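See structure below.
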């Protein structure tokens, strides 16, 4: 399942709850568009901001709406015991894979992160994608640590951060089992990383505009730079939240406070400019 | 209450639950030692790793064990709605103040952090201490933002990070209301910051060895550098967790996995060297 386009939809929510109808429609739309996998409850899906029960319910809804397209869900949490609980819930709800970032409050050490992945992979019956996201976790994976974790049972993929991914891929490829796919996030690095041999693009834009992302995976020339510029300024989730509301996919507000979407006017101008 | 020594005890816990007896004894010991305030559920108290109900219960236990010494508890969470719930619980449980860091998964903007403090301070009837901790929150407060937040109702103190605190204090003092105390964390910066006029030291070591911390507040010469070296290497919570077990204050393990205490032998040697 770790190939081509893995689309990361938003979880539309406000202070009163989750808009399950809008969420389900976003997921169904990705399946119809023909993405290779769907990853609700990624960073863009605000997994870190949701309760265990909400995450379990959204996984069930997503698996149903995905209509056979493999679903991968984020199971990250600050405590190992909560990660294990989320992993059990995800599998019970029919997820085809789980995504795990070493979420932190206290900055984590290499030994702690290795311990986390050791504990969690031992309990899995579906593949796990190692989520290397130094921006949100403040943890930097060395290639040595990736190579060590990739030997654990049930590790199926590594989601690399965009900056430096293209340069890092060839060396890492030789150090992980052939069964471990290497993918990239950070949308504006995708074209370069795919050209450098990435197996899969874990995509924020693909969660809302799957056709555009699929075109990039097919190596069609598509200039989304005006959007990437906003991603770099505001963060992908804030731009996609504004875009989702602008294009009628969700109501407003659609992010958990204190998060605030990117300025609507700027996002509208960029969307118009790139034809989305 | 924001004066002298504010002691931050550990919350001893393992994967099966919280050792409430050990927690209560740690708090009671601080009250007996004569600290100025007690801050369970700070970073050292693992507030970020605990559920809402656990935090509310620990607050009640701490207020009782503190026997009249003011108790401040951390109310931080990723979502504003959860911070508000923690704030209500803390007040209902008898906390004299609340401590709020802008905890993040998505990196927060200045506008989002200002919005968080605006929303939360509007609902309080006890003072709030702004918890400026860039290591765990990945958010850097400018002096401008501190000055703006300090104008909000119920802001009683700012807990500054150790690095640069002594240099920052004089400028910040002129920009916040007189009712807002300025304090420092990062134990090895405490002596310097107190000499530079900090009102209060928010202390990790003071949560386990209050007499030593009180001596530092009295400006008695006390060389704890061997411990501070370990704090810098492993992080204060990992050193204090090892020290608490070594000195019989808690069982083992006493931290939430994936966190791992500092190596016991190194901590034992440092404790022996400084006579604690």
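What the table shows:
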| quantity | calculated |
| --- | --- |
| Other-copy label distances relative to residue A:118, 7 angstrom Cα-Cβ extension, nm | 4.8 |
| Exam field: residue A:211 pseudo-label spacings to other copies (7 Å along Cα-Cβ), nanometres | 7.6 |
| Cα gyration tensor category, rounded, prolate or oblate, for the protein assembly as shown with a/c compared to 1.5 | prolate |
| The protein assembly as shown: antiparallel DSSP beta bridges as a percent of all, rounded to 5 | 10 |
| For region B:220-276 versus region A:32-64, the gap between their alpha-carbon centres in whole angstrom | 40 |
| Scattering curve values for region A:4-220, log₁₀ I(q)/I(0), Debye with Cα scatterers, q = 0.07 Å⁻¹ | -0.19 |
| Likely footprinting exposure, A:169, B:107, fewest C-beta neighbours within 10 Å first | B:107, A:169 |
| Paired Rg and Dmax values of region B:199-276, which use every Cα atom, in angstrom | 12.3, 37 |
| Fraction of beta bridges assigned by DSSP in region A:4-220 that are antiparallel (%, nearest 5) | 10 |
| Fewest-first sequence of B:219, A:60 by Cβ atoms within 10 Å of each Cβ | B:219, A:60 |
| Residues A:217, B:69, sorted so that the one with the fewest Cβ neighbours within 10 Å comes first | A:217, B:69 |
| For the axis carrying chain B to chain A: nearest C-beta residue of B, whole Å | B:138, 3 |
| Normalised per residue, the volume of the convex hull around the Cα set of region B:80-191 (Å³) | 105 |
| Three-way shape call for region A:25-139 based on the alpha-carbon gyration tensor, with the a/c threshold at 1.5 | prolate |
| Fraction of the pair-distance distribution of region B:131-198 above 13 Å, Cα-Cα pairs, percent | 60 |
| Calculated [θ] (222 nm, deg cm²/dmol) that DSSP helices of n ≥ 4 give over chain A, each run adding -39,500 (n - 2.57) | -13000 deg cm²/dmol |
| Tensor-based shape of region B:1-80 (alpha-carbon gyration tensor, a/c under 1.5 rounded, otherwise prolate or oblate) | oblate |
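Computed from the coordinates by the stated procedures, all read-outs in this text should not be read as laboratory data. Just so it is clear, the model here is predicted, and its values are computed rather than measured. A quick note on method: Cβ atoms are made from the backbone with ideal geometry, for glycine too, and the neighbour counts reach across all protein chains shown.
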